[in-house]
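For reference, the structure discussed in these notes is given below.
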Amino acid sequence: MTVVFDRPYEFVPPIRSTVWPWVIQRLRLYDFYLRRKEGVVDYELRGIEHLKDAVNAEHSILLAPNHCRYADPLVMGWPGRHLGIHVHAMASWHLFNEGKLDAFAIRRMGGFSVFREGNDRKALEAAIEILVDGRRPLIVFPEGTTNRTNDELKPLLDGVAFMARTAAKRRQKLKQDPATEATAGSGQVVIQPVAIKYLCVEEIDRWAKEQLDRFEMQIGWNRMPDRDLRTRTIQLAEAMLALKETQYYGHSCGGPLPERRDKLIDHILTVTEAEMEIERPSEIVRERVRNLRATASSRFFSDAYDGQAKLDLRRYVESADLAQDLSSYPDSYLMEDQATDTRIVETIQRLQETINGKADHTIPLKAVIQFEKPITVETGRPPKGQRDPMMQSLEDSLKSMLSDLSQEARRV
């Protein structure tokens, strides 16, 4: 659960000093953390010259990577170390509540909090100020949340364009003011598309077999016939869905997995919305989940809620989280002609998180971090009734890079 019920939200501002980031880079602390906690043992930088050119041109840079693993923010430290620069990053409030050491490290590395369950004006203003200042690139994950479908991009949040465009307008005004012209910087505000792809360093057969064996034993599937990894993974995904159907319907259902998944997601959200007595904001799963989480968070710290009412709010958030989790299982991710070793690993780890709350990260991974040409942020308003051209360019760039990178995984 990523909604924090231990204490009300309090904005955690960024630390501007570069002393701690320099120490962390020199000691390679995130290399140790990534290897031990996330299984990321190696990396490769591609197109880093695009970022280098933007830095040399004194552009104010918004780094916009895809977000498929919890390792992503730390992985983005490697390009910074390569170029000798430091970054700021917008980080979810719950990450500052994982432990004092984590909160300490996130702040010292340039992170600041954002409250995903509400309109966080302070976080938005901090992000804009960082971009106006332009001394350090700002990392914002435009998908808004993580998922384990590395080869697929979730819909992007338009807030990224708002931050970048607002910063560009303010920066332009500073350049036009003789009193502040010297501090405004000569460059422009740009959005730098970044694709992160995780590749398996070694054959996955042994690791995957061990994980699937444990899963099958966990649900009482003993002495099963020999099957390939793809088939076993799909069967366990179907078993997990049947368990959740039984939990929420009282029985399992038949039919194609995508239809059953979508039906269960809608059922979970509809029932939860009814119990909370709130209207659905739209038909989009992400917006419905966010509305449930935001409402539960605001009510939890209200004097009108205590005892059983607060326990119910926690249950509502767990249901919303499950709906969002189920939506992260794509329709054709493991089709026979599309399945790869990385997709098998991602699906197994997603199943582990769904059922056990924690994934096994002992499979060694290599992170490929690819940069594309930056997108210049225009200050004019986007056309009404149309997709923001800037966000469309960012989406097209990320999808193109991820599509190419997906071909480097081993076919199963």
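Evaluate the stretch 121-203: find the radius of gyration of its Cα atoms, find its Kirkwood radius, and give the ratio Rg to Rh. Walk me through the numbers on the way to the answer.
Working: Rg = 16.5 Å, Rh = 14.9 Å.
Across the stretch 121-203, the Cα-based Rg/Rh ratio is 1.11.
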Margin query: I'd like the Karplus ³J(HN,Hα) series for the stretch 187-204: coefficients 6.51, -1.76, 1.60, θ = phi - 60°, whole numbers in Hz, and an x wherever there's a Gly or Pro.
Written below: x, 9, 8, 10, 9, 9, x, 9, 9, 10, 10, 9, 10, 6, 6, 10, 4, 8
Checklist line | Long-range amide H partners of E44 with built H, under 5 Å | finding: A367, V368, I369
Margin query: With θ taken as phi - 60° and the coefficients 6.51, -1.76 and 1.60, list the Karplus ³J(HN,Hα) couplings across the stretch 285-296 in order, rounded to whole Hz; mark glycine and proline as x.
Written below: 4, 4, 6, 5, 5, 4, 5, 5, 5, 5, 5, 4
Margin query: As I understand it, the value is the acute angle between the Cα axis of helix 159-176 and the longest principal axis of the Cα atoms of the chain; what does it come to in degrees, rounded to 10?
Written below: 0 degrees
Next item on the list: Calculate one ³J(HN,Hα) per residue across the stretch 343-359 by plugging θ = phi - 60° into the Karplus curve 6.51 cos²θ - 1.76 cosθ + 1.60, and present them in order as whole Hz with x for glycine and proline.
Entry: 5, 4, 4, 4, 5, 4, 5, 5, 4, 4, 5, 5, 8, 9, x, 8, 9
Next item on the list: Have a look at Q188, G144, L174 and report the one farthest towards the positive end of the charge dipole of the stretch 83-213, computed about the Cα centre with Cβ charges (Lys/Arg +1, Asp/Glu -1).
Entry: L174
Notebook entry, point to check: What residues of the stretch 85-120 lie in the reach of a label at L27, counting those whose backbone N is under 15 Å from a point 7 Å from the Cα along Cα→Cβ?
Noted result: 101-110
Note to self: Ignoring ligands, DNA and RNA, please state the percent of accessible area on the stretch 141-247 from carbon and sulfur, probe 1.4 Å.
What the structure shows: 52 percent
Next item on the list: Taking the Cα atoms of the stretch 1-134, report the difference between the largest and smallest coordinate on each principal axis, in whole Å and largest first.
Entry: 43, 36, 28
Next item on the list: Compute the distribution of all C-alpha to C-alpha distances in the chain, in bins of 20 Å from 0, and list the percent of pairs in each, rounded to whole numbers.
Entry: 24, 57, 18, 1
Margin query: To test your reading of the geometry: what angle, between 0 and 90 degrees and rounded to tens, separates the Cα axis of helix 229-249 from the longest principal axis of the chain?
Written below: 80 degrees
Next item on the list: Please build a GNM for the chain, connecting alpha carbons under 10 Å apart, and tell me which residue among A323, A274, A57 fluctuates the most.
Entry: A274
Notebook entry, point to check: With every protein chain left in place, what is the accessible area per residue of the stretch 124-182 in square angstrom, probe 1.4 Å?
Noted result: 44 Å²
Notebook entry, point to check: Just how far, in whole angstrom, is the stretch 211-246 from the stretch 117-165 if you go by their alpha carbon centroids?
Noted result: 38 Å
Check: Amide H neighbours of T340 under 5 Å, counting only residues 5+ apart in sequence or on other chains, H built in-plane at 1.01 Å?
Finding: V412
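With a 1.4 Å probe and every protein chain kept in, tell me what percent of the accessible surface of the stretch 47-116 is carbon plus sulfur. Write down the numbers at each step before the final one.
Numbers: 1490 of 2640 Å².
Its accessible area is 57 percent carbon and sulfur atoms.
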Notebook entry, point to check: Once amide H atoms are placed 1.01 Å from N in the peptide plane, what residues at a sequence separation of 5 or more from A89, or on another chain, have their amide H within under 5 Å of its amide H?
Noted result: G111, F112, I139
Checklist line | Ratio Rg/Rh, restricted to the stretch 301-407 and using Cα atoms, in which Rh is the Kirkwood radius | finding: 1.11
Checklist line | Simple Cβ-charge dipole of the chain, Lys/Arg +1 and Asp/Glu -1, about Cα centre, in debye nearest 20 | finding: 1160 debye
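Assuming R0 = 25 Å, can you tell me the calculated FRET efficiency for the pair N119 and R314, based on Cβ-Cβ distance, to the nearest 0.05?
Details: r = 23 Å, r/R0 = 0.92.
After rounding to 0.05, the efficiency reads 0.65.
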Check: Could you give the length gained on full extension between K209 and C253, defined as 0.36 nm per residue of separation minus the Cα-Cα distance, in nm?
Finding: 13.1 nm
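Roughly what % antiparallel, to the nearest 5, for the DSSP beta bridges in the chain? Before the final figure, lay out each step's value.
Numbers: 10 of 30 bridges.
So the antiparallel bridges amount to about 35 percent of the total.
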Checklist line | Crossing angle, helix 308-326 versus the chain [Cα axis fit, 0-90 degrees, rounded to tens] | finding: 90 degrees
Check: To the nearest 500 deg cm²/dmol, what mean residue ellipticity at 222 nm is calculated for the chain from DSSP H runs of n ≥ 4 alone, each contributing -39,500 (n - 2.57), summed and divided by the residues?
Finding: -15500 deg cm²/dmol
Notebook entry, point to check: Ignoring ligands, DNA and RNA, what accessible area per residue does the stretch 288-412 give at 1.4 Å, in Å²?
Noted result: 47 Å²
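The values are calculated or read from the model by the stated rules, or taken from the named source; none is laboratory data. Worth saying up front: this structure is predicted, and the values here are computed from it rather than measured. Neighbour counts are summed over all protein chains in view; Cβ atoms, including those assigned to glycine, are modelled from backbone coordinates with ideal geometry. The area values use the complete protein model at the heavy-atom level, side chains included, leaving out ligands, DNA and RNA. Shrake-Rupley method; radii C 1.70, N 1.55, O 1.52, S 1.80 Å.
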